[in-house]
Amino acid sequence: MNPARGSRTISWTVPSPDLDKHRTLSGLELLRRELQEGAEPSPICVLMGIRPVQFEHGLAVFEGIPGEYHYNSVGRVQGGFAATILDCALGCSVHTTLEPGFGSTTVELKVNYVRPLSAATGRVISTGRIINVGSRIASAEARLTDANGKLYGHATTTCLIFPIPG
């Protein structure tokens, strides 16, 4: 007996960061541009099937629908899907607090998986909130829930804040 097969084709726009925008717009202003109609999603969001939903100062929300193409060999969504959508919300929650001319990057990510995801889970929401933002280091926490608020995972991060070169 042959196993069922699936396929998925993706395409994306290669990002070309405009450093002048990063020098003149706040992190929140830059992220809110991603919510505008016609904005190109980042390649990782296209690949993983996730999208940004909301950005406020200190808050970032992403959503995604786990599918069979996220499965590992035991028929559950691989933990990397949850880690990626949590990391998006964590990093972007920090980025919403940055002044023009600054960027950030994840230097530590801690993920706790509470229950497995599957294609039957449906839409999941990753909500990231800042804990503390200093001049060089920031920390944030995020929760991954389904549409009914059931918890699937939670995470914390430490991010490095740095000046945009130029």
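Side notes on the structure shown:
- Out of Ile164, Ile137, Ile130, one residue alone is touching a Gly at 6+ places or on another chain (Cβ under 9 Å) and either crowded, with 18+ Cβ neighbours inside 10 Å or modelled with pLDDT of 95 or more (or both). It is Ile130.
- Within region 118-153, the set of residues being in a strand (DSSP E or B) and among the hydroxyl-bearing types (Ser, Thr, Tyr) comprises Ser126, Thr127, Ser139, Thr145, Tyr152.
- Here the condition is being part of a strand (DSSP E or B), β-branched (Val, Ile, Thr), within 17 Å of the chain's Cα centre (by Cα) and at pLDDT 95 or above; of Thr84, Thr156, it holds for Thr156 alone.
- So Val107, is it under 23 Å from Ser42 (Cβ atoms), of a type outside the set (D, E, K, R), surrounded by fewer than 17 Cβ atoms within 10 Å (Cβ to Cβ) and more than 14 Å from the chain's Cα centre (by Cα): yes
- Of the candidates Ala39, Ala83, the single residue that is in contact with a strand residue (DSSP E or B) (Cβ under 8 Å, 6 or more places away or on another chain) and among the hydrophobic types (A, V, I, L, M, F, W, C) is Ala83.
- Leading residue by the ranking (farthest from the chain's Cα centre (by Cα)) among those in region 62-76 that are among the hydrophobic types (A, V, I, L, M, F, W, C) and in a loop (DSSP other than H, G, I, E, B): Val74
- Criterion (of a type outside the set (Val, Ile, Thr) and at pLDDT 95 or above) met by exactly one of Arg23, Arg76, Arg32: Arg32
- Only listed residue being of a type outside the set (Lys, Arg), crowded, with 17+ Cβ neighbours inside 10 Å, out of contact with any Lys or Arg (no Cβ under 8 Å at 6 or more places or on another chain) and on the phi > 0 side of the Ramachandran plot, chosen from Gly91, Gly49: Gly49
- Checking each residue in region 52-75 for being under 19 Å from Arg8 (Cβ atoms), among the charged types (D, E, K, R) and surrounded by fewer than 17 Cβ atoms within 10 Å (Cβ to Cβ) picks out only Glu68.
- Residue check for His95: over 30 Å from Ser7 (Cβ atoms), out of contact with any His (no Cβ under 6 Å at 6 or more places or on another chain) and in contact (Cβ under 8 Å) with a residue 12 or more places away in the chain: yes
- Contacts under 6 angstrom Cβ, first residue in region 49-67 being free of Cβ contacts under 8 Å to residues at least 24 places away in the same chain, partner in a strand (DSSP E or B), 6 or more apart: Gly49/Gly64; Gln54/Val61
- Restricting region 8-38 to residues that are β-branched (Val, Ile, Thr) and surrounded by 10 or more Cβ atoms within 10 Å (Cβ to Cβ), the residue that is farthest from Gly49 (Cα to Cα): Thr24
The values are calculated or read from the model by the stated rules, or taken from the named source; none is laboratory data. As the structure is a computational prediction, the values presented were derived from the model and not from experiment. We place every Cβ from the backbone using ideal geometry, glycine too, and count neighbours over all the protein chains shown.
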